[in-house]
Amino acid sequence: MARLTAQFWVQAYLARLRTHAIPAFVTAHGDDGSGAVLVKLNPLDGTATAFQRRFDLMTDTRQWEELISGPEAEVDAAIARQRGFDPDLWVIEVEDRAGRHLLAEDGLRD
């Protein structure tokens, strides 16, 4: 099965967020073709959650899972460490007081 490029997925994700009036920003531009994507959810209360997509061998699917959650400074430090391991990593910051990130919606969850 053909995979979308990272840049295409990021642009589609940002467009989907815009349709729900959810602000989001690319804070780290990774490899356009095959970079992994990390999503930081910032509810603007001093906390944050970072999500990463993992491949599940048992179900043969890709799923979003929580990487870290807690004080925003700790989440930012974890993201910086991930960028240190993987300079091709994309980071998208979603700012929504209601905690919406849409990652569980059709077309985004897998």
Sort 41-53, 59-71, 17-29 for me by packing, meaning the mean count of neighbouring Cβ atoms within 10 Å per residue, highest on top.
41-53, 17-29, 59-71
Among [x] 14, 49, 33, 4, 0; [y] 13, 39, 33, 14, 1; [z] 14, 41, 25, 11, 5, 2, 0, the entry matching P(r) over Cα pairs in 10 Å bins from 0, in percent as calculated here is [x]
Ignoring ligands, DNA and RNA, what percent of the 1.4 Å accessible area of the chain is carbon and sulfur?
53 percent
Test item: Cα-centred dipole of the chain, Lys/Arg +1 and Asp/Glu -1 on Cβ, debye:
200 debye
For the residue pair D106 and S69, what label-to-label distance in nm results when each label sits 7 Å from Cα along the Cα-to-beta-carbon direction?
2.7 nm
With every protein chain kept in place and ligands, DNA and RNA left out, what is the accessible area per residue of the chain? Probe 1.4 Å, answer in Å².
59 Å²
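The values are calculated or read from the model by the stated rules, or taken from the named source; none is laboratory data. Note that the structure is a prediction, hence the values are computed from the model and not measured. Every residue, glycine among them, receives a Cβ derived from its backbone with ideal geometry; neighbour counts consider all protein chains shown. Quick note on the areas: whole protein, heavy atoms, side chains included, nothing else; ligands and nucleic acids left out. Shrake-Rupley method; radii C 1.70, N 1.55, O 1.52, S 1.80 Å.
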